[in-house]
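Q: Would you mind keeping the following structure in view while I ask a few things?
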Amino acid sequence: MKKVYLIRPEGFQTHYQVWGSKNTNKLPILCIHGLLSNARLYDWIGEELSSGTEENARRVIALDMRGCGT
């Protein structure tokens, strides 16, 4: 898993986590949490879907909504 922090010009930062490789032909899975949660909710999903055989592995991206998470 890779944690990424984007610093926005507006003065806030956005956090997201990425599992898997960009080198796959399948569309990535984007996970967006609900109220009072954060991107870490999807740790187990990201690990599960990004691992496995080459033809089954997916790239998973989990976003922290503004004002939530780290």
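The values are calculated or read from the model by the stated rules, or taken from the named source; none is laboratory data. Computed from a prediction, not measured in an experiment: that's the story for all the values here. Cβ coordinates were reconstructed from backbone atoms using ideal geometry, including for glycine residues, and neighbour counts include every protein chain displayed. Protein only, heavy atoms only, side chains kept; ligands, DNA and RNA dropped before computing areas. Shrake-Rupley method; radii C 1.70, N 1.55, O 1.52, S 1.80 Å.
Q: Please tell me if Tyr42 is closer than 13 Å to Met1 by Cα and either touching a helix residue (DSSP H, G or I) at 6+ places or on another chain (Cβ under 8 Å) or assigned to a loop (DSSP other than H, G, I, E, B) (or both).
A: Against the criterion (closer than 13 Å to Met1 by Cα and either touching a helix residue (DSSP H, G or I) at 6+ places or on another chain (Cβ under 8 Å) or assigned to a loop (DSSP other than H, G, I, E, B) (or both)), Tyr42 does not qualify.
Q: Show the residue pairs that are 6+ apart or on different chains and have beta-carbon atoms under 8 Å apart, the first residue being within segment 1-20 and assigned to a loop (DSSP other than H, G, I, E, B), the second being of a type in the set (S, T, N, Q) and open to solvent by less than 100 Å² (accessible area, probe 1.4 Å).
A: Met1/Gln17; Arg8/Thr14; Gly20/Ser50
Q: Turning to a different aspect of this structure: Among the residues of segment 56-67, is any open to solvent by less than 90 Å² (accessible area, probe 1.4 Å), basic (Lys, Arg) and out of contact with any Cys (no Cβ under 9 Å at 6 or more places or on another chain)?
A: Our first condition is that a residue be open to solvent by less than 90 Å² (accessible area, probe 1.4 Å); within segment 56-67, this holds for 57-65, 67.
With basic (Lys, Arg) added as a condition, the list becomes 58-59.
With the extra rule that they be out of contact with any Cys (no Cβ under 9 Å at 6 or more places or on another chain), the set shrinks to 58-59.
Scanning segment 56-67, I find at least one residue that is open to solvent by less than 90 Å² (accessible area, probe 1.4 Å), basic (Lys, Arg) and out of contact with any Cys (no Cβ under 9 Å at 6 or more places or on another chain), so the answer is yes.
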